[in-house]
1. Would it be correct to say that His125 is in contact (Cβ under 8 Å) with a residue 24 or more places away in the chain, farther than 17 Å from Tyr40 by Cβ and within 14 Å of ligand 2 (Cβ to nearest atom)?
2. If Val86 satisfies all but one of (1) out of contact with any Leu (no Cβ under 8 Å at 6 or more places or on another chain); (2) within 15 Å of ligand 2 (Cβ to nearest atom), what's the number of the condition it fails?
3. Counting only residues that are out of contact with any Lys or Arg (no Cβ under 8 Å at 6 or more places or on another chain), of a type outside the set (Lys, Arg) and open to solvent by 20 Å² or more (accessible area, probe 1.4 Å), how many does the range 86-100 have?
4. Which number in (1) open to solvent by 40 Å² or more (accessible area, probe 1.4 Å); (2) within 14 Å of ligand 1 (Cβ to nearest atom); (3) more than 23 Å from Pro50 (Cβ to Cβ) marks the one condition that Thr110 misses?
5. For the range 48-65, name all the residues that are open to solvent by 100 Å² or more (accessible area, probe 1.4 Å) and near ligand 1 (Cβ under 8 Å from one of its atoms).
6. For Lys63, are the conditions met, namely being within 21 Å of Ala146 (Cβ to Cβ) and either out of contact with any Asp or Glu (no Cβ under 8 Å at 6 or more places or on another chain) or at pLDDT 95 or above (or both)?
7. What number of residues within the range 135-151 satisfy the criterion of being more than 16 Å from ligand 1 (Cβ to nearest atom) and open to solvent by 40 Å² or more (accessible area, probe 1.4 Å)?
8. Kindly evaluate Ala129 against the criterion of being surrounded by fewer than 16 Cβ atoms within 10 Å (Cβ to Cβ), within 13 Å of ligand 1 (Cβ to nearest atom) and closer than 17 Å to Phe35 by Cβ.
Amino acid sequence: MASASAAPVARERTYIMIKPDGVQRGLVGEIIARFERKGYKMAAMKLVKPSTEHMEEHYADLKDKKFFPGLIKYMTSGPVVAMVWVGDGVVAGGRVLLGATKPSESAPGTIRGDLCIDVGRNVCHGSDAVESAEKEIAHWFPEGVAEWTSHSESWVYEA
Ligand code: UDP
Ligand code: MG
């Protein structure tokens with residue numbers, strides 16, 4: 001049985017961000033609860049109002065898309081909740097919890113399927129690959145994240 005002081009097992013990490021509409025609509029607790037209930041471990045969280053430059057870098061891969069200016073305006077319109085979540089398969093698993101990008105295609109039971117309607121107001125971001133997750137974590141948490149062992153570790157993982 002792991003103790004609170006045991007060195008944490010290194011597991012996959014993802015970057016999850018509750019978007020300005022999620023914050024404004026009071027969905028922060030609801031979204032966090034879904035990640036907690038699944039068994040993922042939180043490693044970092046902060047409420048921030050990012051600059052345009054910071055958000056443009058986060059979405060740099062999309063800079064040639066028609067929706068990019070609107071996306072940046074939306075994403076800098078208010079505070080976001082930036083988080084790091086840890087767990088086996090958490091990058092893909094986090095995307096499952098989020099649901100499809102377009103809420104019209106997101107399954108009921110997913111965050112987007114249950115909580116939003118418009119692709120331009122889809123309440124939450126999740127990294128799409130392990131490599132982009134690590135890049136996004138470094139971008140949003142240059143100060144580093146918490147290393148800790150959850151008392152639930154041996155109840156979430158067989159080994
Ligand atoms: N987006 C949009 N219109 C589109 C496609 C995407 O406004 O046609 C926004 C939407 O908020 C989405 C974000 O741009 O979450 C990033 O797009 P991406 O394709 O990376 O989707 P995600 O990874 O967020 O599911
Ligand atoms: Mg994406």
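The values are calculated or read from the model by the stated rules, or taken from the named source; none is laboratory data. None of these values were measured; they are calculated from a predicted model. We place every Cβ from the backbone using ideal geometry, glycine too, and count neighbours over all the protein chains shown. In case anyone asks, the SASA skips ligands and DNA or RNA and just uses the protein heavy atoms, side chains included. Shrake-Rupley method; radii C 1.70, N 1.55, O 1.52, S 1.80 Å.
1. Considered against the rule, which asks whether it is in contact (Cβ under 8 Å) with a residue 24 or more places away in the chain, farther than 17 Å from Tyr40 by Cβ and within 14 Å of ligand 2 (Cβ to nearest atom), His125 comes out as no.
2. (2)
3. 3
4. Failing condition for Thr110: (1).
5. Asp61, Lys65
6. Details: within 21 Å of Ala146 (Cβ to Cβ): no; either out of contact with any Asp or Glu (no Cβ under 8 Å at 6 or more places or on another chain) or at pLDDT 95 or above (or both): yes.
For Lys63, the condition - within 21 Å of Ala146 (Cβ to Cβ) and either out of contact with any Asp or Glu (no Cβ under 8 Å at 6 or more places or on another chain) or at pLDDT 95 or above (or both) - is not met.
7. Qualifying residue count, the range 135-151: 7.
8. Judged against the criteria, Ala129 is not a match.
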